[in-house]
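The values are calculated or read from the model by the stated rules, or taken from the named source; none is laboratory data. Here the structure is a predicted model, which means the values were calculated and not measured. Quick reminder, even Gly has a Cβ in these numbers, built from the backbone with ideal geometry, and neighbours come from all protein chains shown. Accessible surface is based on the protein model in full, side chains and every heavy atom, while ligands, DNA and RNA are left aside. Shrake-Rupley method; radii C 1.70, N 1.55, O 1.52, S 1.80 Å.
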Amino acid sequence: MSSLARLRSRVLPTARQLVPFARSLQTSADTTLLTQSIPEDGSTPFTVKLHEDSFRAYNTDAPSLDVEVTKDSLLKHYQTMVTMRRMEQAADALYKSKLIRGFCHLAIGQEAVSVGLESSITKDDMVITAYRCHPFAVLRGGTITGVLGELLGRQVGMSNGKGGSMHIFTPRFFGGNGIVGAQVPVGAGIAFAQKYLERPSATFALYGDGASNQGQVFEAFNMAKLWNLPCVFVCENNKYGMGTSAQRSSSNTEYFTRGDKIPGIQANGMDIIASAQAVKYARDWVIAGNGPLLLEFVTYRYGGHSMSDPGTTYRTREEVQRMRSTQDPIRGLQRYIEEWGVATDAIDKAAKEEIDKAVEQAKASPEPRAEDLWTDIYYKGTEPPLMRGRERDEVHVY
Amino acid sequence: MTAPSIASTARAAKRLSPSTLSRLSVARRCNSTGAEPPPAGGHLPSIATSKILRTTREAALRTPGIKWLDEDGNSPLQNTIGGRETRKMNLYQAVRDAMGIALAKDDTAIVFGEDVAFGGVFRCTMGLAEEFGRERVFNTPLSEQGIAGFGIGVASMGQTAIAEIQFSDYIFPAFDQLVNEAAKFRYRSGGQFNVGRLTVRTPSMSVGHGGLYHSQSPEGFFMGASGLKIVVPRSPVQAKGLLLASIRDPNPVIFMEPKILYRSAVEQVPIDDFELPLGRAEVLVPGADLTLLTWGTPLYHCETALSLLAEPPASLAPLVPEALRGARIELIDLRTVLPWDVESVIESVQRTGRLVIVHEASRTAGVGAEIAAEVQSRAFLKLLAPVRRVTAWDTPVGLQFEKFIIPDAIHVLDAVMETLAF
Ligand SMILES: Cc1ncc(C[n+]2csc(CCOP(=O)(O)OP(=O)(O)O)c2C)c(N)n1
Ligand SMILES: [Mg+2]
């Protein structure tokens with residue numbers, strides 16, 4: 001079982017270590033080393049050592065490379081990531097068969113971020129992100145049927161079919177936000193409320209490498225630092241914002257260093273053990289009252305930006321292929337798991353069945369009710385007497 | 001049609017109730033799914049078959065109000081059409097063509113916005129970076145407020161700045177720069193500075209499934225921002241001529257391109273440099289009984305409504321009184337929403353006595369409200385019916401509800417009939 005250790009031999013370029021940031025983060029998903037033999041029992045913790053280039057830190061210490069895991073937790077990671085990917089693939093298929101219309105952004109390739117994040121936070125913590133939101137919505141208390149139903153615009157949809165792909169919420173997840181960057185100061189406000197209400201919890205405000213250049217992101221940084229808010233600003237750097245690469249959009253692509261006086265961590269977002277470890281570190285940091293933290297995940301989206309983008313005009317097919325075949329978060333984890341002789345086939349099969357069932361349920365759900373058109377605009381009972389429609393006869397009286 | 005005959009129709013014609021409306025919609029759906037043979041006169045006009053579009057060279061070159069801007073401005077050829085060529089273009093190609101001319105003729109002109117160097121989401125800037133260089137056609141970071149402010153700075157130095165906001169729904173982060181800075185630059189500097197060379201292009205209006213942030217028509221939000229102009233083209237020829245005029249107009253212009261028309265509206269477009277006038281509405285179909293006023297995409301719904309009125313298909317015929325079918329409706333494209341062409345609209349309403357305004361933005365304080373208020377104060381004694389508005393619902397554009405929120409031809413038809421029969 002310690003054969004895991006054979007997978008990668010460690011090279012230590014000691015000279016370069018002295019120069020800050022001269023080393024780059026690595027984003028492989030299968031470079032973790034076993035430091036002890038794996039216990040038989042699934043719930044007994046054991047320690048693994050992450051690749052030494054799994055994290056970089058700015059004005060703070062990096063998270064520990066020694067991570068305590070259990071066999072069960074790794075299997076759970078695997079199962080959740082596989083299910084999330086299957087869900088996104090199902091959305092892809094539904095879109096291609098024209099059952100989903102409008103905008104649809106998939107997170108295939110980025111599973112280690114959403115699943116890693118969820119595994120290291122509690123239900124008291126809050127999450128807000130942009131439009132690439134389907135896995136978060138499920139993991140934060142939603143259902144797969146609820147997400148697919150929303151994409152299809154059906155009654156079972158988590159926003160009653162009003163929102164679609166970009167607008168899905170749960171009590172612990174503030175969406176799904178279509179205006180890029182707008183969610184980040186909202187995250188700071190959520191964190192303020194947590195602090196004010198004396199809840200020992202954290203807010204994770206997510207945004208992309210593209211969104212990181214919106215002015216309001218910096219405004220949020222400043223407020224959070226000024227008021228010492230328990231907010232983790234999480235940059236999902238998948239290297240492109242639509243067709244524009246990070247290098248072409250950002251004068252500083254070290255997103256974890258862009259908080260000025262706010263310290264930052266950069267983490268391998270393709271390795272779920274590393275991403276879960278980074279989130280744990282970040283959560284502890286802000287809950288300890290240290291103020292905000294920037295957390296950059298270096299990750300990759302395999303597909304196009306949205307369904308109308310083939311994703312190959314601004315990057316090469318080889319680049320995508322290389323990421324898929326060498327750095328895939330699911331395959332990386334699968335490799336460890338199979339090393340221990342635990343088969344993943346059953347998990348894969350169960351995930352497929354779960355998704356197939358959810359697809360059927362979502363498809364069977366009726367279109368939204370007419371009254372949902374004019375509900376939820378104002379608080380019930382305080383709305384104007386009527387909502388006016390397309391012409392004079394078309395009026396809804398509340 | 002004369003007033004007495006309308007009055008008698010008013011008694012004869014039954015008011016269409018909401019339930020009638022839904023019957024109308026059902027009737028139309030049946031028609032479009034082919035459950036019933038096409039009417040004798042052929043299919044209803046769609047954008048593809050619209051008579052509003054100028055699909056021949058001759059028609060394109062005779063576009064009303066066209067002003068040629070040849071290299072040699074004094075050439076006697078200037079107002080002739082002999083020898084001029086046209087090319088078949090859709091709306092995005094016409095927009096691209098206009099920017100190509102602006103970049104070629106004006107060395108200071110630059111084009112910038114999110115992903116524009118790759119052609120942009122709607123391909124309006126396709127190939128411009130390759131043709132004119134990446135220092136003149138470039139991608140910006142994702143920062144609308146920054147894009148607008150940056151454009152204002154460039155333009156205030158006398159350079160021609162052509163900015164793109166990827167969707168008009170994203171213009172709100174730039175709202176401050178446009179309303180507080182661009183619109184007031186000339187005024188607050190006592191005329192020392194201006195940003196007349198700034199043009200902000202942005203795809204607008206709905207496509208049927210865009211949902212909350214890809215279906216809005218924000219033109220109404222700018223109505224109070226004197227200093228700005230808001231232009232909405234309806235077709236490729238219009239897009240090219242109005243965009244060139246906007247780029248060269250000595251005031252900042254927001255140019256809202258109806259995105260559903262990018263591919264679907266196709267015309268022969270003159271390849272030369274030409275402009276069409278800003279601030280001028282255009283009468284597309286002259287008439288004497290009712291003025292139907294709109295801009296952008298709904299023009300095509302209006303055209304369909306007029307054809308339904310004149311020759312209703314069998315399924316609709318019982319709902320369209322014979323006496324109304326011969327009504328002569330004047331169809332007007334407002335084109336410039338700010339400042340809007342009050343004179344032309346009032347002149348038309350003075351003649352017809354009836355006005356129906358159609359827009360895709362929601363009703364409350366939409367552009368239609370401003371027009372209706374002005375018309376009732378200037379033409380009160382000439383009005384034979386209340387000014388009628390056909391607009392979107394006053395709700396956000398819920399994804400699955402879009403087809404119930406945005407008005408279509410049936411709503412226009414209904415409003416026209418009721419106004420005629422008032
Ligand atoms: C204010 C605003 N501007 C532009 C857009 C259009 N848009 C949607 S996503 C996107 C790129 C965002 O890239 P990034 O933040 O890196 O996120 P990713 O798509 O890579 O997850 C753009 C330009 C938008 N939705 N909102
Ligand atoms: Mg990105």
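Just to be sure I understand the curve: with the Debye formula and one point per C-alpha of region B:220-300, what is log10 I(q)/I(0) at q = 0.17, 0.27 Å⁻¹?
-0.77, -1.41
So what's the Cα pair-distance distribution over region A:256-361, bin width 10 Å, in %?
It works out to 12, 26, 33, 24, 6, in whole percents.
So what is the 222 nm mean residue ellipticity for chain A from helices alone, if each DSSP H run of at least 4 adds -39500 (n - 2.57) and you divide by all residues, rounding to the nearest 500 deg cm²/dmol? Display every interim value, and only then the final one.
Details: 12 runs with 141 residues, N = 398.
About -11000 deg cm²/dmol.
Rounded to the nearest 20 Debye, what is the dipole magnitude of region B:247-351 about its Cα centre when Lys and Arg each give +1 and Asp and Glu each give -1 at the C-beta?
Numbers: 8 positive and 16 negative charges, 63 e Å.
Using Cβ point charges on Lys, Arg, Asp and Glu, region B:247-351 gives about 300 debye.
What residue among B:G120, A:V67, A:V115 has its Cα farthest toward the positive end of the dipole of the protein assembly as shown, where the charges are +1 on Lys, Arg and -1 on Asp, Glu, each on the Cβ?
B:G120
Quick one: pull the percentage of alpha-carbon pairs in region A:68-200 with a separation above 17 Å. Show your work: numbers first, answer last.
Details: 5192 of 8778 pairs.
The share of Cα pairs beyond 17 Å in region A:68-200 comes to 59 percent.
Once you have the alpha carbon radius of gyration of region B:224-371, what is it after dividing by 2.2 N^0.38 Å, with N set to its residue count? Before the final figure, lay out the partial values.
Numbers: Rg = 16.4 Å, N = 148, 2.2 N^0.38 = 14.7 Å.
This ratio for region B:224-371 stands at 1.12.
Given a Förster distance of 60 angstrom, what is the FRET efficiency for A:R317 paired with B:S377, based on the Cβ-Cβ distance and rounded to 0.05? Each step should come with its number before you reach the end.
Details: r = 63 Å, r/R0 = 1.05.
Once rounded, the FRET efficiency stands at 0.40.
For A:T312, A:T35, B:T199, A:T257, give me the order by solvent-accessible area with a 1.4 Å probe, most accessible first, ignoring ligands, DNA and RNA. Kindly include the intermediate steps, with their values, before the conclusion.
Values: A:T312 45, A:T35 80, B:T199 0, A:T257 20 Å².
Putting A:T312, A:T35, B:T199, A:T257 in descending order of accessible area: A:T35, A:T312, A:T257, B:T199.
Which one, B:I254, B:Q145, B:I405, is farthest towards the positive end of the dipole of chain B when Lys and Arg carry +1 and Asp and Glu -1 on their Cβ?
B:I405
Could you sort B:E322, A:E338, A:E254, A:E88 by their accessible area in this structure, using a 1.4 Å probe and putting the largest first? Let's see the in-between values first.
Working: B:E322 140, A:E338 85, A:E254 50, A:E88 0 Å².
Largest accessible area first, the residues go B:E322, A:E338, A:E254, A:E88.
Put +1 on the Cβ of every Lys and Arg and -1 on every Asp and Glu Cβ in chain A; which of A:G259, A:L386, A:T244 then has its Cα farthest towards the positive end of the dipole?
About the Cα centre, the residue reaching furthest to the positive side is A:T244.
Evaluate 2.2 N^0.38 Å with N set to the residue count of chain A, then give the Cα radius of gyration divided by it. If you can, show how the numbers build up before the last one.
Values: Rg = 21.7 Å, N = 398, 2.2 N^0.38 = 21.4 Å.
It is 1.01.
In square nanometres and to one decimal, what's the mean projected area of the convex hull around the Cα atoms of region A:211-296?
On the way: hull surface 21.6 nm².
If I average the Cα hull's projected area over directions, I get 5.4 nm².
So which lysines can A:K71 reach, going by Cα to Cα under 20 Å and dropping same-chain residues fewer than 8 places off?
Filter leaves A:K49, A:K280, A:K349.
Accessible area of A:K76, 1.4 Å probe, to the nearest 10 Å²?
120 Å²
Calculate log10 I(q)/I(0) of the protein assembly as shown for q = 0.04 Å⁻¹, where I(q) comes from the Debye formula with a single equal point scatterer on each Cα and nothing for solvent.
For the protein assembly as shown, the Cα-only Debye profile gives -0.20.
Could you state the principal axis extents of the C-alpha atoms in region A:27-112, from the largest down, to the nearest angstrom?
51, 39, 17
Given the convex hull over the Cα atoms of region A:149-254, what projected area results after averaging over all orientations, in nm²?
Numbers: hull surface 31.0 nm².
Over every viewing direction, the Cα hull of region A:149-254 projects on average to 7.8 nm².
Quickly estimate the mean residue ellipticity at 222 nm for chain B, helices only: each DSSP H run with n ≥ 4 gives -39500 (n - 2.57), and the total goes over all residues, rounded to 500. Walk me through the numbers on the way to the answer.
Values: 15 runs with 140 residues, N = 422.
Result for chain B: -9500 deg cm²/dmol, rounded to the nearest 500.
Quick check for chain B: number of Lys pairs with alpha-carbon distance under 25 Å, counting only pairs 8 or more apart or on different chains?
Count of close lysine pairs: 20.
Explain nothing, just the number: dipole magnitude of the protein assembly as shown about its Cα centre with +1 on each Lys and Arg Cβ and -1 on each Asp and Glu Cβ, in debye rounded to the nearest 20.
Numbers: 87 positive and 89 negative charges, 169 e Å.
It works out to roughly 820 debye.
For chain B, find the longest principal axis of its Cα atoms and tell me its angle to the long axis of helix B:3-12, 0 to 90°, nearest 10.
Approximately 60 degrees, to the nearest ten.
Put simply, what bits of region A:363-392 lose 50 Å² or more of accessible area when the other protein chains are there, versus the chain on its own (1.4 Å probe)?
Correct list: A:L373, A:R388, A:R390, A:E391, A:R392.
Using only C-alpha positions, report the orientation-averaged shadow area of the convex hull of region B:371-422, nm², one decimal. If you can, show how the numbers build up before the last one.
Details: hull surface 17.1 nm².
Value for region B:371-422: 4.3 nm².
Relative to the Cα centre, what is the charge dipole magnitude of chain A, using +1 at the beta carbon of each Lys and Arg, -1 at the beta carbon of each Asp and Glu, and rounding to the nearest 20 debye? Before the final figure, lay out each step's value.
On the way: 45 positive and 45 negative charges, 134 e Å.
Computed about the Cα centre, the dipole is about 640 debye.
What are the equivalent ellipsoid semi-axes of chain B, built from the alpha-carbon gyration tensor (square roots of five times its eigenvalues), in whole angstrom, biggest first? Before the final figure, lay out each step's value.
Working: eigenvalues 278, 103, 93 Å².
The equivalent ellipsoid of chain B has semi-axes of 37, 23, 22 Å.
For region A:190-241, what does the equivalent ellipsoid look like in terms of its semi-axes, each the square root of 5 times an eigenvalue of the Cα gyration tensor, given largest first in whole Å? Walk me through the intermediate numbers first.
Details: eigenvalues 109, 29, 8 Å².
The equivalent ellipsoid of region A:190-241 has semi-axes of 23, 12, 6 Å.
Counting other Cβ atoms within 10 Å, keep those with at most 11, restrict to DSSP loop, and tell me which trypsin sites (Lys or Arg not before Pro) in region B:92-164 are left.
B:R134
Taking the alpha-carbon set of region A:279-329, what are its Rg and Dmax in Å?
Cα-based Rg and Dmax for region A:279-329 come out at 16.6, 45 Å.
What is the spread of the Cα atoms of region B:328-422 along each of their three principal axes, largest first, in whole Å?
Principal extents (Cα only, largest first): 42, 31, 19 Å.
Give the Rg (one decimal place) followed by the Dmax (whole number) of region A:29-77, computed from C-alpha coordinates and expressed in Å.
Using the Cα atoms of region A:29-77, the pair Rg, Dmax is 12.4, 40 Å.
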